[in-house]
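Taking it in order: structure first as structure tokens, then the write-up.
The values are calculated or read from the model by the stated rules, or taken from the named source; none is laboratory data. Since the structure is predicted, the reported quantities are computational estimates derived from the model, not experimental observations. No Cβ is skipped: glycine too gets one built from the backbone with ideal geometry, and neighbour counts run over all protein chains shown.
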Amino acid sequence: MFGLFKKKSKKEVLTQKYQKLMEESYRLSHTNRKASDDKLAQAEEIMKEIEKLDS
């Protein structure tokens, strides 16, 4: 209840986006390989941003 109005950090937002893109990539890998590769590339870019925040 106390975390209801807590603002998420930039890292939390990027991690959530990364997870969503990875799930979409996996789902698309069964039907459309090119779209899956595009989602995976987007996820990799977000992972690079997360790593920059860590260092």
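Just one of the numbered conditions (1) among the aromatic types (Phe, Trp, Tyr); (2) assigned to a loop (DSSP other than H, G, I, E, B); (3) surrounded by 10 or more Cβ atoms within 10 Å (Cβ to Cβ) is not true of Tyr18: (2).
Under the condition of being of a type in the set (Ser, Thr, Tyr) and outside any helix (DSSP H, G or I), the residues counted in segment 24-53 number 2. Restricting attention to segment 29-55, the residues that are exposed (fewer than 14 other Cβ atoms within 10 Å of the Cβ) and more than 15 Å from the chain's Cα centre (by Cα) total 7. A single entry from Lys10, Lys34, Lys48 fulfils the requirement of being of a type outside the set (Asp, Glu) and modelled with pLDDT under 95: Lys10.
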